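This report concerns only the one structure given below.
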Amino acid sequence: MHPVIRTVLQRLGLGLLTLFAVSVIIFSSLELLPGGFAEAILGQGATPETVAAFNKSLGLDRPPVTRYVEWLGGAVQGDFGKSFAGAGGWREENVRFVSDIIGPRFYNTFFLAALTALIAVPIAIALGLFAALYRNGWFDRIINSVTLTTIASPEFFVAYVLVLIAVGNKNGFAAVLPDGWGPMVKPFVSWIPDLPPLATVSKGTPFWEHVWKAILPAITLTLVIVAHMMRMTRASIISLLANPYIEMAKLKGLSPRQVIVRHALPNAWAPIATVIAFNLAYLVVGVVVVEVVFTYPGIGQLMVDSVGSRDMPVAQACALIFAATYILLNLVADIIAIVTNPRLLHPK
Amino acid sequence: MTEFEYKLELAKRAVTKGKLSRRDFTKFALAGGLTLTSANTLFIKAARAEAKQGGHFRAGLGHGNTTDTFDPATYAHGLNFGWGRSLVGAPLTRTDQKNNVVPYLAESFEPSDGAKKWVFKIRKGVTFHNGKTVTSDDVVGTINYHNGPDSKSAGKAYLGGVVSVKADGPDTVVFELKGADADFPYAFAQYQFPILSITDGKPDLTGLGAGPYVLDGFEPGVRAHFKRNPNAFAPGNFDEVTQLTILDAAARTNAYLAGEVDYIDKVDLKTIDMLKSAPDTAIYDVSGMQHYTAPMLTDTAPFDNPELRKALKWAINRQELVDKVLFGYGKPGNDSPLAPSLKFATSPDPVHTYDPEKAKSILAKAGLSGLKLDISAADAAFAGSVDAALLMAEHAKAAGIEINVVREPNDGYWDNVWIKKPWCHCYWGGRPTADTMLSVSLSEGAAWNDTHWKNARFNEILPIARGETDDAKRAALYAEAQQLVHDDGGQMVLMFANYVGAMSTKLGHGDFNSDNDFDGGYMYDRWWFV
């Protein structure tokens, strides 16, 4: 069997096992959490009577194993069930299907991840190449220290600094900075357009408006992930430069640029692809803080919300999506590693 | 009236109608000898005097969850207050700015049989958003939905006294109560009780109501959008209303500063100066009924000792809590849960101020020494709870009491800590009447009696006061009840917290309600754009 197909099948099989394990872990940990959906919804207003009524109508009075098996049976057929919210309502129009809740959020998250990737990946690889080309020079040093600073700052801090600039630009900085600071800062940032600090999008938001509203979160995330990918590109290329075939290329009289782009880069794809996949997975599953700061309705907030309110069907579906994202992106990275490496592509 | 005064009056009217600009008005007023400031004030007053229709009101709120639905049984937070009281829902009654109950969807309500029986007349010809006429059957069905045996409603707590509810013709509803209740109509002003459309005995829980706005788009935990309902019996002033859920306080502030919303609630008090200096901004600051308490379980050692409770009440510097936790936006409590603005509220003597020496002497007299107490705190109880607990520990040290602050997780606080740990922090949103506030949190057998306090005289007074229709006699009874709570109860009322928000000066408004944030939840149909 062709190694690519074998890897794909192997990984998908293992992936299914992983998903199963994740679902068991999520289900049992939600089960172990104190309090239930009724208590979370009613808060201080929960009385034993109302809680019991809630649990009965949601079927939560049945043993956990029964509920898990039932849920699993639906999930393998693609039916993630109904959210606890609105379920047990008196009419069918109040029922909310998990897929209906997750769908738009999932789209938003992917939209933001894709937008960020479009900005961040080319920038990171280009910067990495230049850093390798001019290694240990002033360009390398500046790029390294700048990107390391942005990755070392917590993402909410980066986000708030961007918001401060966006909001201050609109209000002339008088309202957002201490007395006297406004005029000092203004000349440096006045060329930046009025970016929207509130990224609330909804189903009907037109495409370009969506892009415009998601621009600040995307820049924030770009600043957070660029350093990792850039440094990996730089490191993997530099490690190749000591190889004999690079020396050969140099002796042929090729320019340093050609040496790196033509001869080093093709052999450096595997580690770069792994790091990019890792960062893309982070963009899908780990950006809840940025979502909160910009009020962007993504899937991270949904997951936190549903765990907080013990809306188990939604939380479980989110967890499965997160796990599947990791599995698929890692699979893609491995395939790239195989395809770009003839030794793996054509094994003896 | 001098000639100038007469002309000024005319000019003010012209401003009200929008026919005279601020510049022209000020020019005229200055010529007449007024100062610039007073001319400005006059202009603003005149310009706001009359509500105008139009505009799109966008509220940025620190509430909302992906599990939100339009099922009033689950209404519990700031978005819901508006839904039930002034957006899609039309309740039978409302509370006015002076906290009196007034008819709304009901045309009138009359007690009889010594306030044991209440007759509500429904407004004629009112329709739901789908055109169906509101009848007494809808009212009865709504009440039964909240009060039925399988009810999941938090509103059930208000209906404990209802024995039967019956329709008497298409627009009359008759309630029979277990005991007399002079405040009964207040229950229906609560946000859980918008009248629902009933078909085949089942309520419509999709946000359909008879209120001033029609639901036009809802994404749980993100936004809710409403359009003016021109067929409402009392339509709102705005053409459109959007509620945006912005849970992060800094994000809310930024959204306001960037002009993306016209109003935000729950302002971060640490950065309120930034909002104060923002252009065209007014701070919404209303002293309401919400209060922060430190309930002690009065049947659990060592809090079963009334002398210890008394000593603790003197050992806490509440003024400092107000200054440091609420940044001055509040009032120190005096161990009565009734807000000063509530009818029948008193301030029982002696006022519990900070007096560690007195606390010491009470403890010495009771033979208590070397006290070590645990207090459970978490920001789920109220914002700044942990800081408040640390301050309390510092205060009590001077009275020889050692308080150990136990930091609890926010998640599940109301299940695992409140009414379970002997001493913790709690908040109360306040209730519209003295009776509901006292009975819901302090009467024996109440589900939310978070101090397990059982005072025979107090429990005897409550039902008598509830049925009493003579205000003077009621006042005396409630004064006695408050004195009992103050002296003997386990509910340490630390402070009353103001509702603080920020709003654009383009918004016109009258006096504010104090029984809830958001102008009592009525801002959506009461406010307008100037």
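The values are calculated or read from the model by the stated rules, or taken from the named source; none is laboratory data. Just so you know, these numbers come straight off a predicted model, no measurement behind them. Neighbour counts run over all protein chains shown; Cβ positions are idealised from the backbone, glycine included.
Residues of segment A:178-205 being among the small types (Gly, Ala, Ser) and under 18 Å from residue A:216 (Cβ atoms), which ones? Don't jump to the end; show me each part of the working.
Here is the first cut: in segment A:178-205, the residues among the small types (Gly, Ala, Ser) are A:180, A:182, A:190, A:199, A:202, A:204.
Once the filter is applied, which keeps residues that are among the small types (Gly, Ala, Ser) and under 18 Å from residue A:216 (Cβ atoms), segment A:178-205 yields A:190, A:199, A:202.
Being buried (at least 21 other Cβ atoms within 10 Å of the Cβ) and either within 14 Å of chain B (Cβ to nearest Cβ) or among the aromatic types (Phe, Trp, Tyr) (or both) narrows it down to one residue among A:147, A:205, A:220; which is it? Don't jump to the end; show me each part of the working.
On the way: A:147 fails: either within 14 Å of chain B (Cβ to nearest Cβ) or among the aromatic types (Phe, Trp, Tyr) (or both); A:205 fails: buried (at least 21 other Cβ atoms within 10 Å of the Cβ).
That would be A:220, the only listed residue that is buried (at least 21 other Cβ atoms within 10 Å of the Cβ) and either within 14 Å of chain B (Cβ to nearest Cβ) or among the aromatic types (Phe, Trp, Tyr) (or both).
Being aliphatic (A, V, I, L, M), surrounded by 16 or more Cβ atoms within 10 Å (Cβ to Cβ) and out of contact with any Lys or Arg (no Cβ under 7 Å at 6 or more places or on another chain) is true for just one of B:380, B:366. Which residue is that?
On the way: B:366 fails: surrounded by 16 or more Cβ atoms within 10 Å (Cβ to Cβ).
Result of the check over B:380, B:366: B:380.
Looking only at segment A:104-130, how many residues end up being within 14 Å of another protein chain (Cβ to nearest Cβ) and more than 20 Å from residue A:217 (Cβ to Cβ)? Of the residues in segment A:104-130, 0 are within 14 Å of another protein chain (Cβ to nearest Cβ) and more than 20 Å from residue A:217 (Cβ to Cβ). Scan segment B:143-155 for residues that are surrounded by 20 or more Cβ atoms within 10 Å (Cβ to Cβ) and in contact with a Ser or Thr (Cβ under 9 Å, 6 or more places away or on another chain) and the total you get is 5.
Once segment B:304-326 is narrowed to residues that are over 31 Å from the mean Cα position of the chain (by Cα) and outside any helix (DSSP H, G or I), the residue that is farthest from residue B:449 (Cα to Cα) is B:305. Does segment B:397-414 contain any residue that is touching a Ser or Thr at 6+ places or on another chain (Cβ under 9 Å), surrounded by fewer than 19 Cβ atoms within 10 Å (Cβ to Cβ) and closer than 30 Å to residue B:190 by Cβ? No, there is no match, as no residue in segment B:397-414 is touching a Ser or Thr at 6+ places or on another chain (Cβ under 9 Å), surrounded by fewer than 19 Cβ atoms within 10 Å (Cβ to Cβ) and closer than 30 Å to residue B:190 by Cβ. For segment A:234-249, the condition holds for at least one residue, the condition being that it is of a type in the set (Phe, Trp, Tyr) and without any contact (Cβ under 8 Å) to a residue 24 or more places away in the chain. Considering B:191, B:158, the condition of being within 14 Å of another protein chain (Cβ to nearest Cβ), within 22 Å of residue B:229 (Cβ to Cβ), out of contact with any Ser or Thr (no Cβ under 6 Å at 6 or more places or on another chain) and not acidic (Asp, Glu) is satisfied by B:191 alone.
State which residue is nearest to the other protein chains (Cβ to nearest Cβ) when the search covers only segment B:225-245 and only residues that are in contact with a Ser or Thr (Cβ under 7 Å, 6 or more places away or on another chain) and modelled with pLDDT of 90 or more. Restricting to residues being in contact with a Ser or Thr (Cβ under 7 Å, 6 or more places away or on another chain) and modelled with pLDDT of 90 or more, the top hit is B:244. Identify all residues within segment A:20-41 that are crowded, with 18+ Cβ neighbours inside 10 Å and in a helix (DSSP H, G or I); write none if there are none. Answer for segment A:20-41, where residues must be crowded, with 18+ Cβ neighbours inside 10 Å and in a helix (DSSP H, G or I): A:22, A:23, A:26, A:27, A:30, A:37, A:38, A:39, A:40, A:41.
Here's the yes/no breakdown for (1) farther than 30 Å from residue B:244 by Cα; (2) free of Cβ contacts under 8 Å to residues at least 24 places away in the same chain; (3) surrounded by 22 or more Cβ atoms within 10 Å (Cβ to Cβ):
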{"site": "A:254", "(1), (2), (3)": "yes, yes, no"}
{"site": "A:261", "(1), (2), (3)": "yes, no, no"}
{"site": "A:265", "(1), (2), (3)": "yes, no, no"}
{"site": "A:279", "(1), (2), (3)": "yes, no, yes"}
{"site": "A:293", "(1), (2), (3)": "no, no, yes"}
{"site": "A:330", "(1), (2), (3)": "yes, no, no"}
{"site": "A:344", "(1), (2), (3)": "yes, no, no"}
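Considering segment B:92-153, the qualifying strands (runs of 3 or more DSSP E), each wholly inside and each with 2 or more residues that are under 30 Å from residue B:342 (Cβ atoms) and touching a helix residue (DSSP H, G or I) at 6+ places or on another chain (Cβ under 7 Å), run over B:93-95, B:117-122.
Restricting segment A:52-82 to residues that are within 14 Å of chain B (Cβ to nearest Cβ) and in contact with an Asp or Glu (Cβ under 6 Å, 6 or more places away or on another chain), the residue that is surrounded by the most Cβ atoms within 10 Å (Cβ to Cβ) is A:53.
Checking the conditions here, which among B:274, B:289 is without any contact (Cβ under 8 Å) to a residue 24 or more places away in the chain, closer than 30 Å to residue B:253 by Cα and aliphatic (A, V, I, L, M)?
Numbers: B:289 fails: without any contact (Cβ under 8 Å) to a residue 24 or more places away in the chain.
The unique qualifying residue is B:274.
So which of A:306, A:239 ends up being more than 30 Å from residue B:252 (Cα to Cα) and either over 21 Å from the mean Cα position of the chain (by Cα) or assigned to a helix (DSSP H, G or I) (or both)?
On the way: A:306 fails: more than 30 Å from residue B:252 (Cα to Cα).
Among A:306, A:239, only A:239 is more than 30 Å from residue B:252 (Cα to Cα) and either over 21 Å from the mean Cα position of the chain (by Cα) or assigned to a helix (DSSP H, G or I) (or both).
All of (1) in contact with a Ser or Thr (Cβ under 8 Å, 6 or more places away or on another chain); (2) not assigned by TED's automatic domain parsing to the domain that holds residue A:134 hold for residue A:285 with one exception: (2). In segment B:204-218, of all residues being surrounded by fewer than 24 Cβ atoms within 10 Å (Cβ to Cβ) and out of contact with any His (no Cβ under 9 Å at 6 or more places or on another chain), the one that is farthest from the other protein chains (Cβ to nearest Cβ) corresponds to B:204.
Within segment B:186-208, residues that are over 19 Å from residue B:127 (Cβ atoms) have Cβ atoms under 9 Å from residues that are in a helix (DSSP H, G or I) and of a type in the set (D, E, K, R) in these pairs: B:186/B:435; B:189/B:85; B:190/B:85; B:191/B:85; B:192/B:156, counting only partners at least 6 apart in sequence or on another chain. With respect to being under 23 Å from residue A:111 (Cα atoms), surrounded by fewer than 23 Cβ atoms within 10 Å (Cβ to Cβ) and in contact (Cβ under 8 Å) with a residue 12 or more places away in the chain, residue A:270 falls outside the description. When segment B:419-443 is limited to residues that are within 24 Å of the chain's Cα centre (by Cα) and over 18 Å from residue B:333 (Cβ atoms), the one that is nearest to the other protein chains (Cβ to nearest Cβ) turns out to be B:419. Scanning segment B:499-530 for residues being within 9 Å of the chain's Cα centre (by Cα) and polar (S, T, N, Q) gives a total of 3.
For the residues B:339, B:301, the requirement of being at pLDDT below 90, surrounded by 21 or more Cβ atoms within 10 Å (Cβ to Cβ) and assigned to a loop (DSSP other than H, G, I, E, B) singles out B:339. No other residue among A:113, A:124, A:218, A:117 is assigned to a helix (DSSP H, G or I), at pLDDT 90 or above and closer than 30 Å to residue B:270 by Cβ apart from A:218.
Do we have any residue at all in segment B:69-83 that's of a type outside the set (Val, Ile, Thr), at pLDDT below 70 and in a helix (DSSP H, G or I)? So that I can check it myself, show each step before the final result.
Of the residues in segment B:69-83, the ones of a type outside the set (Val, Ile, Thr) are B:70-73, B:75-83.
Cutting the leftovers down to at pLDDT below 70 gives us none.
The answer is no, given that none of the residues of segment B:69-83 is of a type outside the set (Val, Ile, Thr), at pLDDT below 70 and in a helix (DSSP H, G or I).
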